[in-house]
Structure formats: C-alpha cells, structure tokens
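In what follows, a single structure is set out as structure tokens and then discussed.
The values are calculated or read from the model by the stated rules, or taken from the named source; none is laboratory data. In this text the structure is predicted, and so the values were computed from the model without any measurement. Quick reminder, even Gly has a Cβ in these numbers, built from the backbone with ideal geometry, and neighbours come from all protein chains shown. Remember, those area values only see protein heavy atoms, side chains included, never the ligands or the DNA or RNA. Shrake-Rupley method; radii C 1.70, N 1.55, O 1.52, S 1.80 Å.
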Amino acid sequence: MKEYLKSSNEVLNELNTNENGLAIEETEKRLAENGKNKLAKGKKEPLIVRFLKQLSEPMTIILLVAAVISAAIELPHFPTDTVIILAVVLLNAILGVVQEGKAEKALEALQQISAATSKVIRNGHQITIKSEDIVVGDIVVLEAGDAVPCDCRIIESASLKAEEAALTGESVPSNKVSEALEPNANGDVPLGDRKNMVFMGSTIVYGRAKVVAVNTGMDTEMGKIADALSNAQEGKTPLQKKLSQLSKILTFIVIGICIVMFAINVIRGTVGGGFYWNQALESFMLAVALAVAAIPEGLATVVTMVLSIGVTNMSKRNAIIRKLTAVETLGCAQIICSDKTGTLTQNKMTVVDHFGDDEALLANAMSLCSDAEFDTEVGTAIGEPTECALVNYAEKLNLSKNDQKLKYVRINEVPFDSMRKMMTTIHNNGGEIIQFTKGAPDEILKRCTKVWENGGEIALSDEKRAEILSQNKNMADRALRVLAVGFKNLNSEPSEATSEALENELTFVGLVGMIDPVRPEVKAAINECKDAGIRAIMITGDHKDTAVAIALELGIISSADEAITGSELDKISDEDFETLVEKYSVYARVQPEHKTRIVNAWRKKGKVTAMTGDGVNDAPSIKNADIGVGMGITGTDVTKSVADMILTDDNFATIVSAVGEGRRIYDNIRKAIQFLLASNMSEVISVFLVSIISGATLFEAPHLLFINLITDCLPAIALGMEDGEKDIMKRKPRDTKEGVFARGLGFGVIYQGIAVAGLTLLSYFLGRYAFGDNNGSLGTSMAFLTLSMAEIFHSFNMRSLNGSIFTIKKQNLVLWGAGIIAAAATIVVLQVPIIAEKVFSLVPLNAGQFFAALGIGFAIIPIVEIVKLVANLIAKIKSKTK
C-alpha cells in the first residue's frame, strides 16, 4: 500500500497496530511469517567453477587436445611437449581466476549500512532490540543521530530532518512531516518527495519522531536496490568480446590446417605405397606443431600483464581498478553518467552570495541562530549541512561561533518547523537581550517592519521590500538555497518563547545564498571529455532547478530544455525513450530504477557507458553499466564493492586521466596482438611450406613454445610500456563493433607474417643447401635463430603501427631489456651443446652461419619501414584528393 498517501491512523489500522506498539507474542508471530529485517545474501560462484570457465575457451581446448595427442605419442618416454603445453594452459587459467574480481561484498556492504539496534515500543514500553528483529507494525522511536532500520511511516514528529543523500541524491537533509501527502498527476509521489516516510539506511540529523514500520528486509527501498543489484547483468568488456572472437577464428584455422595436413600426408602415403602407423604418428606430431604454432599461447598472459601494468599506473593516479579488463573499457567510453552530489559537486553546502548592508552582522546572526557547532579539531562545522554552511561562513569572516556564543549567550529559542519555515533564538549580550530569527525569505520579510542600513534601523519601504524580493529571486534563479535573517532588541527576557509573541516587528538584516558547489577541477575535466568525444550525463535525485544550474555552469547542457525529471521520464515508454535519450543530458528527481533505465537505454544504442557515483542509489546502475566508477572517500561501501574502478580522491578529473590510460593500454594491446599474430602466422607458414615442399618437420612443439613464450611474450609485454601518443585524447572513442583486425591490423598481420616466414625459409634453405646440411638439423637451427631474432627485431617495428620507429625520440628501455634477454636465451638454447642437442634437437652454429641467420632476421626492420613509408604516402595522397 502507498502509506504516504494515507493518514497515520489509517496506516496503523491497516497494519493492526497502535501507538502502544505490538504485543510480544504478535511480534514473534510476524517475525516467523515474514523473516528477519535484513537483506538477502547473494550466492557466490565456487572457485572451481571459475577455474573451469577459464579452461573452456576454444584456444585452450585445442591446446589440451594437443597435449593429450603429444602424451600418447611420447609415452613411454617422458612427455616433455605435454608438460610444457599443460604448464602454459594452467598458468593462463590461474592468472585469469586470480585477476578477475567480482563484487561479492556488495550485499554485505548494504547490510553494514543498516542500523545494528533500534528503539521500539512494545506492550506500551520502550525497549532496545536488534534491528533485524523489527517487524511490520512495530512502533520505532527515532532521534537525531539514529540510523533508520527499515522503511517507516511517520506518526508524529518534531522538526524532523533525515539525511537521505545516499538513497535519493539530495545534498540537503529532507524535512519530514506526519501528514498524508497529495498525489501528483500520476497518482503517486516520487521517492525523494515522500516527506512523511523515512527509509532504511538513511540517518536522522535533526529532531525526533515516532514512526511505524511498514516494510522490512528485502521489501524496503534499499532491499529493492539489493535485489536489482543481484539481478543486474554483467556483460563482457569490448576487449573480452574481441579476444573471444579471435579465439574462435584461430580455433577454426587450426582445425582446418590440421585436417589439410593430415589429408596431404594420407594422400602422399597412399601414392607412395601405403599409409602406416609411423606415418600417422608423424602426421599427428606435425598437427601438434601446427596447433602450437597457430595458437598464441602467450596472448592471454601478455594482455593480462599489459593490463596489470596499466592498473599499476592508474593506481598512482588515484584510480583503483577492481576488474582487470575494465581498464580498457573506460578507454572506449562514449557516455559517462554521473551523479551530481559528491561527484560533480563537493557535497558540502557553502554560502556563495549574500545581500545586506552589514555582512558581519548578517553572518553572525545566521551563525548564532543555528544549532551547528564549529569543531576546531576538524576545522569545520558539525551538524545539519545548511546550518554548517552558515557557521563556516561566519568563521571565514573571523566571527567564530565558539567565541560569539560566549558573548551572545542563548537563553531561549523557538525551534524550526516546516509550517513557519523559520526558527528564533534569544541571546543575552552583557545584559542586552537580542533576538535573531532566520528562515525562508518571504516568511521573514512578512514579519519585518524595519531594515538595517548604514549602521542603524530605518523603516522598511515598499521600494526596499521590492529590492529584497528581487535579490531573493536573483539568487533563487541561480538555484541557490536562500535564507533571510532579522533581529529585534528586547527590553527583557520574554516570559514565553512562542512564534506569536516573538516573530514580529523584526529588523531585516540580509540574505545569504547557498549551494553545494561544483568541484573546481570538474569543468576542465568535462571539457577534456568533450574533446575526447565523450558525453557527460548528470543523473541526480536533487531538484531540477539545482541540477540545471550546476549543469549549465559545467557546460554539460546549453539550455534547460535538455533536462528532464523522473516523473516526466515515467510518462515515456521504453520504446520512445530509446529515441529520446540523446535529447537529455540532465535527469533530476530520479529514483534508482530510473538510473538503470537511463544506462540501459544508452547501452541499447550501442554506446559504451560508464556510471559514476557514491550513494547506495548508484549501485545497480553502476553494475549495469559497461564500467562502474565509485567514489573512494564519500562513496558507500556497497558502491565501492560493485564498482569496476574506484576514484580514491573522488576527483572527476581522475576519470579523464583513466580514459587516457585506457586508450593507451588498448593501443598497446593492439600492438601486442599484431606482433604476436604476425609471429604465429610466420611460424605456421614456415612449418606448412617446409612440410609440403620437402616432407620434413621444420619446427617441433618445444621450438615453437620457446619462441612463443620467450622471444614473443617478453617483447610483447614490453610493448605495453609504450607511452601514449600526443593526440590520444583528441580522438573520438572507437566503435565497439570494430573487429580485432580493424584499422589495418589484419593487413599488418598478413604481410608481416609472410615477410618473417620468407626470411625464415630463406635461412632454412640456406643452411640446408648452401652450407651442406644433410639431415636438416643445420637448416632448422639457422631457421630457429632467424625466426627468433626477426621477431625480436620486429618488436621494435611495433612501437608504432603506422609511424617510422626512427621518428620516436623517447626510447622504451623495457623493450630493449626484453629484447636483450630474449636474444641471450636464444643464443644459450642454440649454442650451448647440451641444451641445443639434448633438449631442442638443434646444432650449434659457426660464426658464418650465425651471422648469416642473424643478418637475415634483421632484414624485417627495413622491410616494415618501407611498407609504412608507402602506406603513409598513399594516405597523404588520399587526404589531399578529398
């Protein structure tokens, strides 16, 4: 039922309770029927399931099949090839399980937000119980500082204010009432406007109340969030999709090559007089070698390592990545949906404007007529945020409340209530009695007959009244929260402190305008996002006028027409909203389900969407977004637990840095992919052609695994250290539909693979025929050196996919180190006899053979440089013709 639309008596009757509370027997019955007042825990995926998922990748399955075939062939001898292949597979699977973190603590964090104990009335007596034991119909007593244990309808209240920013997004505590509310045109009232309700997870910051529990556990608004959180879908990141696509392509290629090679050998054997078992074994061994050659075993490891390096760099820039692959997702983000309070703004009400003849008197009166206190240890005011702003305002003018309250001793007061919209305090200043009254400007002005000007009181003329109202409108139009204050000198301490007796014939002092100000660095960050082709969207539970003012200041929108409220959004169908979503950049007075709907609408349009925020209300949309960004300082535990990335400094500008890092990492991963796939292609072509031409096996599995894991992986990881290009944040986000081989990567893999294969074959045939090799060992050894060194040299080509390596001024010292280590390992494997002959079946080379093979390998650098030069010339000609 919609309790907020009914009177408190109606609610009590429908819940079969009264202000004396439930009987103990009844609470036990309801607890047994409805369960505990706590949030349900989500199921955790077992570790073994995660591990098996890693092993279910197509490329991994191919390698496992290859390992089984190798074991069958090698037994009863020690299965060296099988052990090496299995070691690679297991290492990649373990890395995948370790690196991929899930938001398992999200629901636990939600539970921690809830109050541990609560005061309830049962059998007419107030007692303290565990919050999880509260049942629907319980009468709960709330006062300042209490956490609300469940969703409740207010029965009676006195100056009650609740901090609901984490749930509704409002930066100012909500004033609460006990009266029934009037529904809007839709027959309902938005969550943020339900002034006669308090919700689980919110906090009472002022006043007191007696409330009745209407929803507990998963039926509460926070429970709905927890349910949405557990039901939110986690999609794959763009990189995961591309690698999955690549895995499938390579799987079909490997199977096809193996079938073709086996068929060729069968035909060759049949023509030659019969196909025997030993020929079948040789065919299988060749198939294993081809499988190892075609599959970039180190690709997953290299990508993981490059991402890990990026994660380390980002942590130094105050961005903590919780999900490894999410770092590149932010790099292609097209939409950033951001909560306003605490993310774009400081979540700290601040006086930014004033009107009055005497600013010192204005600030002092505002400060004294408030209940907030200045804490010298923390250097700021403590209390209700609006009053904290007033006390901090006075402090900046050297009117510390700690000093002024000793001079102006408060002797009486008339507390604030939402009907009068004001409060009054009475002070004794050395025997002189003075009254300060602050509140809504229109209400204060009604009670003023004078105005303070030029150090004295003068009559409040119609012209002055009009000027004050004009100043009030000016501040309100800028979405400032405006308060007015007046004073009155009293002859003696009043006998009764009532509104009727005191709040009249005041002298108007002035106005102050407050707002939750924007973070100083945010505007520049949003401008940089625009340059990078990223659209910023503000989603907030705050009022539309405030949201529009902030968005205009930041440049998120250019007119108020680009803003819409949650109530207006409810009137739009999902189908229509999919077409209208591009029209709006500000969403105000929204509820959690609105945020998820907005994020999903952008995702349906194919946009990579990021969601930033700090409140509980942001959690479902953060999880549904392609990448969720939580705030580390002001963020709730649930938001941080479910986020893919956490900003430790709550600085929106950090997102811009993270975007740049994500783009750099993706560029470098593309370089690594092109480098590795070109290397694998060269291996496949070399092995395939030698088998076709001479019937021999050029390389066996150990040779190829050494090259793939040492001379390929080490330089590939080093390529992840390359600095970003100068225009990296001037480019538009890449299309998520872009394939792995887009933007020339496929062409690069093909021609570079063919080039390295050609050099390898040249070295093989040189060793076999020019140097008089009889059994092919010398040819294989020279080809092994050429292939290894060509790939090491080629890694330097990959520092830039399009530009000449000789134009790059800054050296990649890590790449140099990786190249030296890989070259040294290759020389040891080839030139140390016991290793070369016993383990790898190679023969050491003499000086002539060694440098001939090395020189052939070096030729890959001028070959690629020539191709780049020609490609750039063609691109320039095309751009000029356009």
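Observations on the model:
- Estimated 222 nm signal from helices in the chain, with DSSP H stretches of n ≥ 4 weighted -39500 (n - 2.57), rounded to 500: -15500 deg cm²/dmol
- Rounded to the nearest 0.05, the FRET efficiency derived from the C-beta distance between residue 50 and residue 320 at R0 = 30 Å is 0.90.
- Cα-based shape type of the range 533-649, given that a ≥ b ≥ c are square roots of the gyration tensor eigenvalues and the cut on a/c is 1.5: prolate
- Theoretical FRET efficiency, 1/(1+(r/R0)^6), r = Cβ-Cβ of residue 403 and residue 474, R0 30 Å, to 0.05: 0.35
- Carbon/sulfur fraction of accessible area - the range 724-881, other protein chains in place, 1.4 Å, %: 69
- Mean projection of the Cα convex hull over all viewing directions, computed for the range 500-570: 8.5 nm².
- Label of the coordinate-derived value, volume of the Cα convex hull per residue in Å³, listed as (i) 509; (ii) 227; (iii) 371: (ii)
- Protein accessible area in the range 467-507, 1.4 Å probe - carbon and sulfur %: 39
- FRET efficiency, residue 832 to residue 29 (Cβ-Cβ, R0 56 Å, nearest 0.05): 0.10
- Neighbour cut-off at most 12 other Cβ (10 Å), DSSP loop, GluC sites (Glu not before Pro), the range 375-434: 377
- For the range 243-265 versus the range 134-154, the gap between their alpha-carbon centres in whole angstrom: 65
- Surface share of carbon and sulfur [accessible, 1.4 angstrom probe, percent] for the range 514-575: 47
- Heavy-atom accessible area per residue - the chain, 1.4 Å, Å²: 42
- Whole-Å distance, taken between Cα centres, linking the range 651-668 and the range 499-573: 27
- Cα-projected label distance for residue 94 with residue 873, points at 7 Å along beta-carbon direction, nm: 5.2
- Relative contact order of the chain, taken over Cα pairs closer than 8 Å and 6 or more residues apart, is 13 percent.
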